[in-house]
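J.: Pasting in a structure now, in structure tokens, and then I'll have a few things to ask.
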Amino acid sequence: MITTNISDFRKDIKSYLDKVVQNFETLIINRGKDEGIVVMSLQEYNSLMATNHELSSQKNESRLDSAIEKFKNGKSFTKDLIEL
């Protein structure tokens with residue numbers, strides 16, 4: 001996680017945004033008395049949204065927990081994909 005203030009961010013926007021994307025960093029911009037801002041890459045955001053969706057219902061969460069438990073206990077299997 002990288003932290004900066006709004007003044008330093010303005011001075012070197014490109015460098016900060018490059019670090020966020022290239023290093024999968026989260027950038028927190030402190031704005032004094034105002035609310036802080038969080039900047040993350042689109043890939044990281046999409047990953048968080050996918051995780052949020054998977055855990056959004058009890059049924060999905062139970063399926064995921066079950067799959068993880070099977071994997072940990074060596075009860076998983078692999079299948080080849082059929083190309084059409």
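Bear in mind these aren't lab numbers, they're just calculated from the coordinates by the rules spelled out. The structure displayed is predicted, hence computed values, not measured ones. Quick reminder, even Gly has a Cβ in these numbers, built from the backbone with ideal geometry, and neighbours come from all protein chains shown.
J.: Rounded to the nearest 0.05, what FRET efficiency do residue 60 and residue 84 have when you use their Cβ-Cβ distance and R0 = 30 Å?
T.: Rounded to the nearest 0.05, the efficiency is 0.60.
J.: What FRET efficiency do you get for residue 53 and residue 28 if R0 is 35 Å and r is their Cβ-Cβ distance, rounded to the nearest 0.05?
T.: The value I calculate is 0.90.
J.: A further question on this structure: At a Förster radius of 35 Å, what calculated FRET efficiency corresponds to the Cβ-Cβ distance of residue 77 and residue 19, to the nearest 0.05?
T.: Once rounded, the FRET efficiency stands at 0.30.
J.: Under a no-solvent Debye model with one identical scatterer per Cα of the chain, what's log10 I(q)/I(0) at q = 0.16, 0.17, 0.22 Å⁻¹?
T.: -0.79, -0.83, -1.01
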